[in-house]
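The values are calculated or read from the model by the stated rules, or taken from the named source; none is laboratory data. Owing to the predicted nature of the structure, the values given are computational and were not obtained by experimental measurement. Please note: Cβ atoms are built from the backbone with ideal geometry, for glycine as well, and neighbour counts cover all protein chains shown.
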Amino acid sequence: MWSNYLRSRAATDAFKSAAQYGDHHAMVVRAEVRLNIPPLLASAGVLGLAIVFGAQKMVQSIITGTFILFEDVEDVVMVRSLASTVERLTIRSVR
């Protein structure tokens, strides 16, 4: 029990040290390059919104298609003068 605590504590301390070390170096590099952060954050936000709105339609189509697949299908299809009943509906075909 005590050894698990010590291992956990050592891992936590190592992670904190690595995070502080990385954060310090990131700040030094940013200062040297004179990188302006707010425009980068704004661009990342706009890009994130574009991805979310683009994925929204795809997710909506997947959900709608899933409901159609699990629905009981008993439709009549007419092509020219031929009529037929839909017996089975899958992702790739209608039979």
State whether one or more residues within the range 29-41 are of a type in the set (Gly, Ala, Ser), surrounded by 10 or more Cβ atoms within 10 Å (Cβ to Cβ) and part of a helix (DSSP H, G or I). no
In the range 64-74, residue modelled with the lowest pLDDT [restricted to those that are surrounded by 10 or more Cβ atoms within 10 Å (Cβ to Cβ) and either in a loop (DSSP other than H, G, I, E, B) or aliphatic (A, V, I, L, M) (or both)]: Val73
Taking the condition out of contact with any Gly (no Cβ under 8 Å at 6 or more places or on another chain) and at pLDDT 75 or above, does Leu6 pass? no
